[in-house]
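Heads up, the thing below is written out as structure tokens.
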Amino acid sequence: MRSRFVRPETRRLELSDGDWITVKARLTAGEQRDLFARTYRVYEKGDGSVEQIVDFGKVGIVRLATYLVDWSFPEFPIRNVPIDAVEAAIRNLETADFAELLTALDAHEAREAEAFAALKKTTAGVPASPPIWPSPDSVTGAMSGSGILIPMSTGS
């Protein structure tokens, strides 16, 4: 059975001029929902009601900031800083460089989605891993079965 939890994995994406960014392999449900929440603006209407509207000026910046873990740009270090500081750093990028980062992120998301879809199609859903405890028959050839030894009491 596959795990339904996102593992904290990262990917390094190469950029032009020898630069790179490190991004999360996949977002958790919470990160995805926070991303959506950060892209909305709440407007109070004249009748007192409120309306939430997507702020398209924030979508790419917030999306990139949610995925980013680190980058090779020394002017604005972003490792382990709050997401607001990451967003501020992204806002200071040249327009063409911002577009390059978004293009790299788009390609990354497509690769990860394809890999995840393929993983879900496998029988077990997770890569096979060796047993934690080897079965005694593989060590001594004396037993066959689960490999778990349960001490039996002989009674007193």
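The values are calculated or read from the model by the stated rules, or taken from the named source; none is laboratory data. The structure displayed is predicted, hence computed values, not measured ones. Please note: Cβ atoms are built from the backbone with ideal geometry, for glycine as well, and neighbour counts cover all protein chains shown.
Some notes on this structure:
- Test: residue in the stretch 20-42 that is under 13 Å from Leu101 (Cβ atoms), out of contact with any Gly (no Cβ under 7 Å at 6 or more places or on another chain) and not β-branched (Val, Ile, Thr): yes
- Against the numbered list (1) modelled with pLDDT under 95; (2) surrounded by 10 or more Cβ atoms within 10 Å (Cβ to Cβ); (3) farther than 25 Å from Lys120 by Cβ, Arg2 comes up short only at (3).
- Test: residue in the stretch 121-130 that is at pLDDT 75 or above, under 27 Å from the mean Cα position of the chain (by Cα), surrounded by 10 or more Cβ atoms within 10 Å (Cβ to Cβ) and of a type in the set (A, V, I, L, M, F, W, C): no
- Being under 21 Å from the mean Cα position of the chain (by Cα) and among the basic types (Lys, Arg) holds for only one residue in Arg41, Arg12, and it is Arg12.
- Subset of the stretch 16-67 [part of a loop (DSSP other than H, G, I, E, B), loosely packed, with under 14 Cβ neighbours inside 10 Å and among the small types (Gly, Ala, Ser)]: Gly46, Gly48, Ser49
- The combined condition, being surrounded by 14 or more Cβ atoms within 10 Å (Cβ to Cβ) and under 18 Å from Phe98 (Cα atoms), is fulfilled by Phe73.
- Residue check for Pro82: at pLDDT 90 or above and either touching a Lys or Arg at 6+ places or on another chain (Cβ under 6 Å) or exposed (fewer than 11 other Cβ atoms within 10 Å of the Cβ) (or both): yes
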